[in-house]
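Participant: Here it is, the structure in full.
The values are calculated or read from the model by the stated rules, or taken from the named source; none is laboratory data. The structure displayed is predicted, hence computed values, not measured ones. Positions of Cβ are backbone-derived with ideal geometry, glycine not excepted, and every protein chain shown enters the neighbour counts. Side chains included, ligands, DNA and RNA excluded: accessible areas come from the protein's heavy atoms. Shrake-Rupley method; radii C 1.70, N 1.55, O 1.52, S 1.80 Å.
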Amino acid sequence: MIAKPLRSTDRLFQIIQILRRSSRPVTARMLADELEVSVRTIYRDIAHLMGQRVPISGEAGVGYVLGSEYDMPPLALLPVELEAIVLGAQWVAAHGDKMLARAAQDVLAKVAVTVPGRLQPLINTPSTAAKLPLDASQRMADTAYLRAAIRTGTKLRLHYRDQQGEFTERTVWPVVLGYSDTTCMLIAWCELRQGFRHFRTDRIHAVEILDEKIGEPRSRLLQRWKAQRISELAKVTSEAD
């Protein structure tokens with residue numbers, strides 16, 4: 001009797017990961033496309049996982065869902081997942097404020113003590129490198145205060161220098177911090193302009209955290225801002241055509 005080839009443990013783990021991160025049923029075709037295998041292989045893998053009492057429900061042609069009661073160690077990381085963490089931590093360490101940079105290094109230290117020895121080189125001698133900012137000495141507002149206000153849903157008063165060099169004072173509802181290789185932007189609802197505005201943190205000269213909550217849930221503000229950005233992008237694309 002010829003022994004069957006061993007099933008790929010990594011692929012089984014990835015199937016669980018895909019199902020765990022999805023809020024909707026995932027079809028065998030979707031799984032097969034992401035994992036670059038045949039649908040038949042996915043059917044066999046799903047049957048194997050169910051046989052191992054992994055709480056997967058669903059059926060072929062409809063989609064599969066992982067039961068919320070399933071508990072899998074969160075740091076059972078694949079090499080590519082660890083590389084993603086290292087790259088992200090590198091970028092934050094290079095572009096974030098001092099508090100975020102230290103936090104990124106602490107995260108890597110915590111991850112390092114939990115992964116097996118065979119994965120340690122991916123942290124100690126990583127295969128990735130994040131690009132440094134073009135102007136590492138650029139003065140920036142202390143984004144720790146901005147992030148704290150975003151988390152607590154608190155209004156801010158900004159003392160801001162605009163593109164023309166004029167100083168203004170704005171009361172804003174902070175929504176999110178956006179980072180690029182060269183700048184950091186505070187996206188916020190501006191009470192003065194009654195609209196979303198982008199404030200470069202290197203132009204913020206002072207920040208006051210006000211004892212007043214923003215006038216709308218941040219999740220809704222974020223959705224509105226995203227919808228506005230999509231609309232603006234569609235308009236630009238249409239005009240370009």
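Participant: Take a quick pass over the range 79-237 and tell me how many lysine pairs come in under 27 angstrom between Cα atoms, counting only ones 8 or more apart or on separate chains.
Facilitator: For the range 79-237, the number of qualifying lysine pairs is 10.
Participant: Sticking with this one: Using each residue's phi in the range 222-233, evaluate 6.51 cos²θ - 1.76 cosθ + 1.60 at θ = phi - 60° and report the 3J(HN,Hα) Karplus result to the nearest Hz, with x for Gly and Pro.
Facilitator: Those phi angles translate into 5, 4, 5, 5, 4, 4, 5, 5, 5, 5, 5, 5 Hz.
Participant: Placing unit charges on C-beta atoms (Lys and Arg positive, Asp and Glu negative, everything else neutral), compute the dipole magnitude of the chain about its Cα centre in debye, rounded to 20.
Facilitator: Values: 33 positive and 27 negative charges, 81 e Å.
Taking the Cα centre of the chain as origin, the dipole is about 400 debye.
Participant: Please work out how much length the chain gains when fully extended from Ala112 to Asp211, using 0.36 nm per residue of separation minus the C-alpha to C-alpha distance, in nm with one decimal. Could you put the intermediate results ahead of the total?
Facilitator: Numbers: separation 99, 0.36 × 99 = 35.64 nm, distance 4.02 nm.
Contour length minus Cα-Cα distance gives 31.6 nm.
Participant: Show that you can apply the helix-only estimate: for the chain, add -39,500 (n - 2.57) for every DSSP H stretch of four or more residues, divide by all residues, and state [θ] at 222 nm to the nearest 500. Write down the numbers at each step before the final one.
Facilitator: Details: 8 runs with 103 residues, N = 241.
Calculated at 222 nm, the ellipticity per residue is -13500 deg cm²/dmol.
Participant: Starting from the amide H of Phe196, placed 1.01 Å from N in the peptide plane, find each other amide H under 5 Å away whose residue is 5 or more places distant or on another chain.
Facilitator: It is Cys190, by chain and number.
Participant: Continuing with the same structure: Restricting to Cα pairs below 8 Å that are 6+ residues apart, what does the relative contact order work out to for the chain? Please round to a whole percent.
Facilitator: Numbers: 299 pairs, mean separation 29.4, N = 241.
Relative contact order for the chain comes out at 12 percent.
Participant: For the full complex of protein chains and a 1.4 angstrom probe, list Val92, Val107 by accessible area with the highest value first. List each step's numbers first, then the result.
Facilitator: Working: Val92 45, Val107 70 Å².
Descending accessible area places them as Val107, Val92.
Participant: A further question on this structure: Between (1) 44, 24, 17; (2) 39, 18, 15; (3) 23, 21, 18, which matches semi-axes √(5λ) of the Cα gyration tensor in Å calculated for the structure shown?
Facilitator: (1)
Participant: Please state the charge dipole magnitude for the range 167-241, taken about the Cα centre, from unit charges on C-beta atoms (+1 on K and R, -1 on D and E), reported in debye and rounded to the nearest 20. Don't skip to the end; give the middle numbers.
Facilitator: Numbers: 12 positive and 11 negative charges, 42 e Å.
Value, rounded to 20: 200 debye.
Participant: Tell me the angle of helix 39-51 to the major Cα principal axis of the chain, expressed in degrees between 0 and 90 and rounded to the nearest ten.
Facilitator: Tilt relative to the chain: about 80 degrees.
Participant: Please give, to one decimal in nm, the separation of the simple spin-label points placed at Val37 and Asp162, each 7 Å out from Cα toward the Cβ.
Facilitator: Those two pseudo-labels are separated by 5.8 nm.
Participant: While we're on this one: Using amide H atoms built in the peptide plane, which far-off residues or other-chain residues are under 5 Å from Val176 H to H?
Facilitator: So Val176 has HN proximity to Ile187.
Participant: Hey, can you find the accessible area per residue of the chain for me, probe 1.4 Å, expressed in square angstrom? Each step should come with its number before you reach the end.
Facilitator: Working: 15320 Å² over 241 residues.
Accessible area per residue, the chain: 64 Å².
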